């Protein structure tokens, strides 16, 4: 199949792995930022092809995983209201709040609907003028344009029974938080290709210079990731710290300007709390005052205040690349996809879910430990 | 298919355009529904004896007996409908026991208000599917529930088949060295249903693979293939079927991802939605574990007789292993990983 098979070719993969071995002279630690990349790495076994000197750490790029517990609890509170139709991307439905999840609220009678696009939620609002339709707007820069478009359209069409519960997060501030941490282990980054499709990659240039780390904008197929690792290691071995673009078939330096304009029209940068990590300045998007009428947190009188996170879950450390999933004592025992302690165990982009699904065998854990 | 029928509904639509509670109430309306719509459609003992159950002679030997309930939404989807599915599913379960399916029961739970025309289309589809699969509907039941307490129509079918050979077809018969052969391409049913349910539009039209597997299995048996185990792939997809067998047989199954056939349009849809075709539902595909010496003949038979059989392939082998009960996969780039059962339905990803 075009655009798929050529990026999964075993011969080419071996070729890249061999080239990588030739240029690697010492240990390097790279972080892939996006959870989609983490899953591709673990699912296809990309890390098994890397020389032993190279360690991949899994970054914070799982939107579901970093959504704070109190926002999920607010979502649950909203979804349980009889006047509300609560709409969400599928991946959010199984993520636990402090007590339950959206699928359980649905089972208990809440009107929770999975949508594929926030614009579908606007349509649901048009079809149900006597109900309140709330869309759970989570995600990074990738989903922000579509969510902005939903609010923009709702206002243009006069759909007043539509609102967003916003938990948008931004990648560069999270990377800067990781870089400025005293516990920093990362020598270079594979930047998330899809985020850069929207925002471009000029924002990484000052970070590369200030912290002297290479960034390689990387795609999601096995060969993309191998090539991204190769480019990052080559920079490190040559003592360079630049922003390079591996994913040039989708990403341009300036990104998608109309999408950026739409996001800027609807959203503004705000501080945002990240689950397991804490508040990061300038790291989120919230609705601008002109669109405040579409903010579910303003529209509804919500009882949920700040919520404590599970003390046993180490997802914050996993999301910052400080621990690997199987280093958690609860991994696979007290924390499973059926009984998750944190979101990283249930999300399609969560590192713990990837390890649980693809690596839960005695050999693989031993192999990991050897790395 | 349900759309092909030419007869018109025998219940006068002008009087009862929708199913009402009384159609399940045991009185005149229910009698009419059975006498005028259901009994004439199926004929045989159901029409002739008017008994509380079907009675028939069976040949000596082993029988297989199974039941399944069908609650699919939408009721009609590309490539099938709830009626044909209710026949195929039960016929396939009997086939997986190595049985020749003979008789099915058919029970409807109908929601008040269902258009009579819809019921008629479903009944006709059941009839066509039963004819195609070579089985008879011999007994049945009709209940009507209040509006809002059903989802249009639910169907239960139970089936009886005869086992006319001495093979012991059972997951516990699977042993190291056996090969796993997949009868066709996977994922069509799940994607067809999802696309219809969610209004997703793709460039090409993906139809369900819902089909009876009885003929293909009977051919394998007639050819003397040393079958260890058969399993049809349903909701949990290929992965769940393999894991269930590996666990029951205490063996390690190694799957070669590149040998599993997935049509390009299904693959594309899965890529867009973030779904793994190995976990997507099927209704007309099965996996056969056979003696390795019979692999080529099995493939030949499946290619001729199995629905979608042109893509039949050896997709895995059973390894001698110290950690049995698991399935591993050799990925497209040649690395081996674990295959796990999902805790629930696959949910599309965010970005």
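Every read-out reported here was derived from the displayed coordinates using simple, explicitly stated rules and does not represent laboratory data. Keep in mind the model is a prediction, meaning the values are calculated, not measured. Positions of Cβ are backbone-derived with ideal geometry, glycine not excepted, and every protein chain shown enters the neighbour counts.
Quick one: the Cα spread of the stretch B:84-176 along its three principal axes, in angstroms, biggest first?
Result, largest extent first: 53, 26, 19 Å.
Taking the inverse of the average 1/r across all pairs of different Cα atoms in the stretch B:171-339, what Kirkwood radius in Å do you get? Walk me through the numbers on the way to the answer.
Values: mean 1/r = 0.0624 Å⁻¹.
Kirkwood hydrodynamic radius for the stretch B:171-339: 16.0 Å.
Could you tell me what percent of the DSSP beta bridges with both partners in the stretch B:2-163 are antiparallel, to the nearest 5? Mind dumping the intermediate values first?
Working: 22 of 31 bridges.
The antiparallel proportion sits near 70 percent.
For A:35-46, what's the mean count of beta carbons from other chains sitting within 10 Å of each residue's beta carbon? Show your work: numbers first, answer last.
Details: counts 3, 4, 0, 0, 3, 0, 0, 2, 7, 7, 9, 3.
Shielding by partners across A:35-46 averages 3.
Return the calculated 222 nm mean residue ellipticity for chain B, to the nearest 500 deg cm²/dmol, obtained by summing -39500 (n - 2.57) across DSSP H runs with n ≥ 4 and dividing by the residue count.
On the way: 10 runs with 101 residues, N = 351.
Theoretical 222 nm ellipticity from helices: -8500 deg cm²/dmol.
Under a point spin-label approximation (7 Å from Cα along Cα-to-Cβ), what is the residue B:57-residue A:261 distance to one decimal in nm?
With each label placed 7 Å out from Cα toward Cβ, I get 8.4 nm.
For a quick check: sort B:100, A:359, A:81 by the number of other beta carbons within 10 angstrom, fewest at the front.
Working: B:100 19, A:359 22, A:81 16.
Ascending Cβ contact count within 10 Å gives the list A:81, B:100, A:359.
Just counting partner chain Cβ atoms within 10 Å, what average do the residues of peptide B:322-334 show around their Cβ? Kindly include the intermediate steps, with their values, before the conclusion.
On the way: counts 1, 3, 0, 0, 3, 0, 4, 3, 2, 10, 12, 19, 11.
Whole-number average of other-chain Cβ neighbours for B:322-334 is 5.
Compute the acute angle (0 to 90°) between the alpha-carbon long axis of helix B:264-273 and the principal axis of greatest extent of the alpha-carbon atoms of chain B; round to the nearest 10°.
90
Given a cut-off of under 8 Å on Cα pairs at least six residues apart, what relative contact order in percent is computed for chain A? Intermediate values should be presented prior to the final figure.
Details: 738 pairs, mean separation 83.2, N = 371.
After rounding, I find 22 percent.
Using alpha-carbon pairs under 8 Å, 6+ residues apart, how would you state the relative contact order of the stretch B:2-163 in percent? Could the numbers behind the result be given before it?
On the way: 297 pairs, mean separation 59.7, N = 162.
Normalised by residue count, the contact order of the stretch B:2-163 is 37 percent.
Inside 10 Å of the C-beta atoms of B:339-348, what's the mean count of C-beta atoms belonging to other chains?
Numbers: counts 2, 8, 2, 2, 11, 6, 4, 2, 12, 7.
Mean inter-chain Cβ contacts per residue within 10 Å come to 6.
How would you rank B:163-171, A:92-100, highest first, on the average number of other Cβ atoms within 10 Å across their residues?
Numbers: B:163-171: 15.7, A:92-100: 20.7.
Per-residue Cβ counts within 10 Å, averaged per peptide and sorted highest first, yield A:92-100, B:163-171.
Considering all projection directions equally, how large on average is the shadow of the alpha-carbon convex hull of chain B, in square nanometres? Don't jump to the answer; show the numbers that get you there.
Details: hull surface 76.8 nm².
If I average the Cα hull's projected area over directions, I get 19.2 nm².
Once the Cα gyration tensor of chain A is found, what semi-axes does its equivalent ellipsoid get, as square roots of 5 times the eigenvalues, in whole Å, sorted largest first? List each step's numbers first, then the result.
Values: eigenvalues 252, 110, 66 Å².
Semi-axis lengths for chain A are 35, 23, 18 Å.
Let me see the P(r) profile for the stretch B:2-163: every Cα-Cα distance counted, bins of 5 Å, each bin given as a percent of all pairs.
All Cα pairs considered, the percentages come to 2, 9, 18, 22, 21, 15, 8, 4, 1, 0, 0.
Going by Cα centres, the stretch B:317-348 and the stretch A:17-74 are how many Å apart?
A separation of 21 Å, based on Cα centres.
So how do A:347-353, A:68-74 stack up, highest first, on mean other-Cβ count within 10 Å? Let's see the in-between values first.
Details: A:347-353: 28.7, A:68-74: 22.9.
Averaged packing, sorted descending, gives the order A:347-353, A:68-74.
Any chance you could give the angle, 0 to 90 degrees and rounded to 10, that helix A:257-266 forms with the longest Cα principal axis of chain A?
Roughly 40 degrees, rounded to the nearest 10.
Give me the compactness ratio for the protein assembly as shown, meaning the Cα radius of gyration over 2.2 N^0.38 Å. Let's see the in-between values first.
Working: Rg = 28.0 Å, N = 722, 2.2 N^0.38 = 26.8 Å.
Scaled against compact globular proteins, the figure is 1.04.
How large is the helix-only mean residue ellipticity at 222 nm for chain A, computed as the sum of -39500 (n - 2.57) over DSSP H runs with n ≥ 4, divided by its residue count, in deg cm²/dmol to the nearest 500? Numbers along the way, then the final one.
Working: 16 runs with 147 residues, N = 371.
Helix contribution divided over all residues of chain A: -11500 deg cm²/dmol.
Taking chain A as the reference, fit the longest principal axis to its C-alpha atoms, fit the long axis of helix A:69-79 to the helix C-alpha atoms, and give the angle between the two in degrees, 0 to 90, nearest 10.
Roughly 40 degrees, rounded to the nearest 10.
Sort out for me the Cα centre separation of the stretch B:91-121 from the stretch B:182-253, rounded to whole Å.
The stretch B:91-121 and the stretch B:182-253 have Cα centres separated by 19 Å.
Could you grab the relative contact order for the stretch A:113-180? Cα pairs under 8 Å, six or more apart, rounded to a whole percent. Walk me through the intermediate numbers first.
Values: 75 pairs, mean separation 25.8, N = 68.
Once normalised by length, the contact order is 38 percent.
Taking only the Cα atoms of the stretch A:126-238, how large is their convex hull per residue, in Å³?
Values: hull volume 15.0 nm³, N = 113.
Measuring per residue, one finds 133 Å³ for the Cα hull of the stretch A:126-238.
What order do you get for A:332-344, B:40-52, B:333-345 when each peptide is scored by the mean count of other beta carbon atoms within 10 Å, highest first?
Details: A:332-344: 20.4, B:40-52: 14.0, B:333-345: 18.0.
Ranking the peptides A:332-344, B:40-52, B:333-345 by packing returns A:332-344, B:333-345, B:40-52.
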